[in-house]
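To start, the structure itself, in structure tokens.
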Amino acid sequence: MKQLMTGNEAAAEAAIVAGCRYYYGYPITPQNELINYMSMRMPQIGGSFIQAESEIAAINMVYGSAAAGARAMTSSSSPGISLKQEGISYLAGSELPCVIVNIQRGGPGLGDISASQADYFQAVKGGGHGDYHTIVLAPSSVQEMADLVYDAFDLADKYRNPVMILGDAQIGQLMEPMEFHKRPKKNLPQKTWSLTGAEGRKRNIVKSFYPVKGQLEEFNAHLQRKYKAIEEHEVRYETVNTHKADIVLVAYGTSARVCADVVRKSRQLEFKVGLIRPITLWPFPKEIIRKISEKVQCILTVEMSAGQMVEDVRLAVEGKCPVHFYGRTGGGVPTSTQVIKKIVEVVPDNLANTLLQLAEVR
Amino acid sequence: MNSCLPTDITERIILAGFGGQGMMLLGKLIAQAAMIDGKKVTYFPSYGTEVRGGTAVYHLIISNNEIFSPIIEEADTLIVMNQPSYQKFKGMLKAGGLLLLNTSMIKSDNFPDAKIYEVPATEIASKLGNVLVSNIVMLGAYLAIKKLFSPNLILEQLQGMLKAKKGNLFAINKQALERGLHLIESIHHPYVR
């Protein structure tokens, strides 16, 4: 049955459906509906809810629950996610599965509470110290928020790796009809590596500390093999109208919804606009972007940042076509009119006039 | 279902008022009714710094087609409950759009090009015995004008939300909805400029 939910609430309920029974959080706008929902639901289903004394405490509680083999989650917004970075590095270093939700707001610093995508670098390039990756999933609707949070727990367990949901204030606050397609998880896979008390078996060790020379390099090689497998098997993206497109937009999350509207408007014209929407930001869908870049006049990346994902787009394109950028910062959300103006600016002059009609389409 | 939304029509509504005037609930009731009616809906509330007495604004889009950005650039309908919200958001209404004003709290001068309906919602609600139902008076008026859903569908939603705990408030909410409906039905020609 469809229900009207905010993205924040959908993320919380999806985690419960996925079998998460341990949630630790600390309040911050614009993700408060998530922690609020968990405080209501966890006691109802015999789970644990703790409003921790800080974001740092919350991520380390996640470490504890994950080490004990449970499905655990925390959530926050940009400044709070910065505080969690040490914990995330330790989780990655200890190969502990967990889900971290970042409902991004404007930055840097305390910033504001409006929607932003300026934490892309932090999410996909490490954030904490060391050679590690978190799997990063970027929903662009309330329904997809629920679906991706559900899948995030499976991905985390499959690879023993933290998974980050990279949303933004708009996705978190937005209410849309959605439904939970999947059944509640009852029998979760046994985690033979977890710390459950060693009576009658060999002891397990969960750690990220390798002081003996050579051991850490060996462990890092293992991590890199794992990341390679994730890059091979877990890339997700959506393409809209990319076949025979003249220009292709690359955008994720809230920006992608705006770009999808531009694609819709362009359908009436001879000049074709397509869209590649990365759903996994790491692993990044570089193959499809490279493939499409060989056939189009240019690519325009649209973000709510000063230009972060565009660097990965350029790496994927390897100079095969020009890559342009349009971004809003500090809580600004692009409008389709602004994106169209940018398209007009970057396409050859003979096409610009045709494109100006785009702005007239409602 | 008693829907009057033709195909390929999108209704973009901006709701604004003081925090505490129930704009959030007003929009949610329309959004839920639209969802049950099988429409696509996005409802984007303001959040965070809004407090009782400040202005709060909500973007509600209902459509038969996929909705892309939930942020409204140009509204088909503007429902406003107080003067500061009116000043702040009147520019967002498209030419010839529907302007629904709570004239108990908005001075009726210098209106933009719009189909204007004046509803003294706060006064009506006060006379019914609870100023808090002024939002439902406005909702009744809106339903009578746009006829998107049957009032019964809205009443069902309201009953579901109030449940047993606040069930005693259902009667006054129903009265408020009916007062809004009847007020519009008694006006034959809106004040159009």
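Taken together, the values in this text are just the output of simple stated rules run on the coordinates, not laboratory data. This one's a predicted model, so the numbers in the text were calculated from it and none came from an experiment. Reconstructed Cβ throughout: ideal geometry from the backbone, glycine too, with neighbour counts over all protein chains shown.
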Notebook entry, point to check: Any idea what the relative contact order of region A:238-360 is, in percent, if you count C-alpha pairs under 8 Å spaced at least 6 apart?
Noted result: 26
Note to self: Can you tell me which lysines have their Cα less than 24 Å from the Cα of A:Lys158? Leave out same-chain residues fewer than eight positions away.
What the structure shows: A:Lys84, A:Lys125, A:Lys182, A:Lys185, A:Lys186, A:Lys191, A:Lys202, A:Lys207, A:Lys226, A:Lys228, A:Lys286
Next item on the list: Name the residue, out of A:Ala72, A:Ala18, A:Ala52, whose mean-square fluctuation peaks in a Gaussian network model built on chain A with Cα pairs under 10 Å.
Entry: A:Ala52
Next item on the list: Would you kindly work out the equivalent ellipsoid of chain A from its C-alpha gyration tensor and give its semi-axes, the square roots of five times the eigenvalues, largest first in whole Å?
Entry: 37, 23, 17
Check: Viscosity 0.692 mPa s, temperature 37 °C: Stokes-Einstein D of region B:10-183 from its Kirkwood Cα radius, in µm² per second?
Finding: 205
Item checked: region B:10-183 - percent relative contact order, Cα under 8 Å, separation 6 or more -> 21
Next item on the list: Using just the helices of chain B, give the 222 nm mean residue ellipticity in deg cm²/dmol: DSSP H runs with n ≥ 4 each add -39,500 (n - 2.57), and the total is spread over all residues, rounded to 500.
Entry: -11500 deg cm²/dmol
Next item on the list: With an 8 Å cut-off on Cα pairs and a minimum separation of 6 or more residues, tell me the relative contact order of chain A in percent.
Entry: 17
Note to self: Taking the beta-carbon count within 10 Å as an exposure proxy, list A:Met1, A:Met175, B:Met105, B:Met161 from fewest neighbours to most.
What the structure shows: A:Met1, B:Met161, B:Met105, A:Met175
Notebook entry, point to check: Taking chain A as a Gaussian network, Cα atoms linked when under 10 Å apart, which of A:Ala123, A:Ala260, A:Ala152 shows the biggest mean-square fluctuation?
Noted result: A:Ala260
Notebook entry, point to check: Over 27 Å between Cα atoms, which of A:Lys2/A:Lys341; B:Lys88/B:Lys165; B:Lys40/B:Lys115 qualify?
Noted result: A:Lys2/A:Lys341; B:Lys88/B:Lys165
Notebook entry, point to check: Of chain A, which part is the longest with no GluC sites (Glu not before Pro) in a loop (DSSP not H, G, I, E, B) and with at most 13 other C-beta atoms within 10 angstrom?
Noted result: A:54-178
Margin query: From the mean inverse distance of alpha carbon pairs (Kirkwood) and the Cα radius of gyration, derive Rg over Rh for region A:238-360.
Written below: 0.93
Next item on the list: Mind telling me which of A:Leu249, A:Leu110, A:Leu166 comes out most flexible in a GNM of chain A, alpha-carbon contacts under 10 Å?
Entry: A:Leu110
Next item on the list: Mind sorting A:Ile35, A:Ile165 by how few other Cβ atoms lie within 10 Å of their own Cβ, fewest first?
Entry: A:Ile35, A:Ile165
Check: Sequence-distant or interchain residues sharing an amide H contact under 5 Å with A:Leu281, placed H: which?
Finding: A:Val136, A:Leu137, A:Ala138
Check: Can you put A:Tyr90, A:Tyr227, A:Tyr210 in order, fewest other beta carbons within 10 Å first?
Finding: A:Tyr210, A:Tyr227, A:Tyr90
Margin query: Taking every alpha carbon pair in region A:249-290, what does the distance histogram look like in 10 angstrom bins from 0, in percent?
Written below: 29, 47, 21, 2
